[in-house]
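The values are calculated or read from the model by the stated rules, or taken from the named source; none is laboratory data. What you are looking at is a predicted structure, and each value in this text was computed from that prediction instead of being measured. Every residue, glycine among them, receives a Cβ derived from its backbone with ideal geometry; neighbour counts consider all protein chains shown. Heavy atoms of the whole protein, side chains included, go into the accessibility calculation; ligands, DNA and RNA do not. Shrake-Rupley method; radii C 1.70, N 1.55, O 1.52, S 1.80 Å.
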Amino acid sequence: VMRRCAAMLACVGLAAAPRGAAANGRFPSANLFIAGPGPRSDVMVLRATIGVVVSRDRGASWTWICEESMNNAGMVDPMLAVARDAEVVSTLADMGLSRSRARYCDWTTPATTAAARFNDITVDATGAAMVASISTYGRADGLAYSRDGGQTWTVGATRPGFFAETVDVAPSNPSRVYFTGYLTGSVPILLRSDDGGATLREVTRDFPMDGGALIAAV
């Protein structure tokens, strides 16, 4: 499971953070690995409890990004995606969505993302089409999508009485999106979009009631 793979070979060098870095109290460990965009996967991103480590040369060299530069210095880890032009897009429930490129020191928030909290994010094989699961502050949770690598976002399909969780795009079809969450009463549900997130239809809610429905991979 590439997007949520916790134990990667690149984890071995993370135990020693640079001197002077502020600690958040957690033991240094890695818990998410992503690569992209496109088939070459030049950009590799490793999320850790001490920040994010990025390679732009397919793993030959790595750069550490401290939590503070990403507006994150707490106990909650951001979800990440690599967009086209080597941009890294970060989502954090309380801080919204932000994006950066080049040395990944300057992070900006697209103006079109202010109306929602971003829970999870995914990207198609080219890095151009991105989809995120969003919470809309007590209204209806659903999907938001971007067609320009995360620069601008549009709120797509939403569903009242629904609490959004994970989302993934089918590698062979950027218009096919799978989406999970909970209905009122903690009922896990799987939904699908065939138009990139603009509309949704239910696939199944046949899951154990004592567990969640989290997408591992498509």
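Excluding ligands, DNA and RNA, the accessible surface per residue across segment 93-218 is 47 Å² with a 1.4 Å probe. When each of the peptides 163-176, 139-152 is scored by the mean number of other C-beta atoms lying within 10 Å of its residues, the order from highest to lowest reads 139-152, 163-176. Residues whose amide H lies under 5 Å from that of Asp120, counting only those 5 or more places away or on a different chain, are Ser133; hydrogens are built 1.01 Å from N in the peptide plane.
Rounded to whole numbers, the Karplus 3J(HN,Hα) couplings from phi for segment 56-67 are 10, 10, 6, x, 5, 9, 9, 10, 8, 10, 6, 4 Hz, using 6.51 cos²θ - 1.76 cosθ + 1.60 with θ = phi - 60°, and x at Gly and Pro.
If the segment from Ala216 to Thr204 were pulled out straight at 0.36 nm per residue, it would be longer than the present Cα-Cα gap by 2.7 nm. In this simple spin-label approximation, Thr63 and Thr152 carry label points 7 Å from Cα along the Cα→Cβ vector, and these lie 2.8 nm apart. May I ask you to give the percent of accessible area on segment 162-205 that is carbon plus sulfur, with a probe radius of 1.4 Å? Taking all protein chains in place, segment 162-205 shows 51 percent carbon and sulfur surface.
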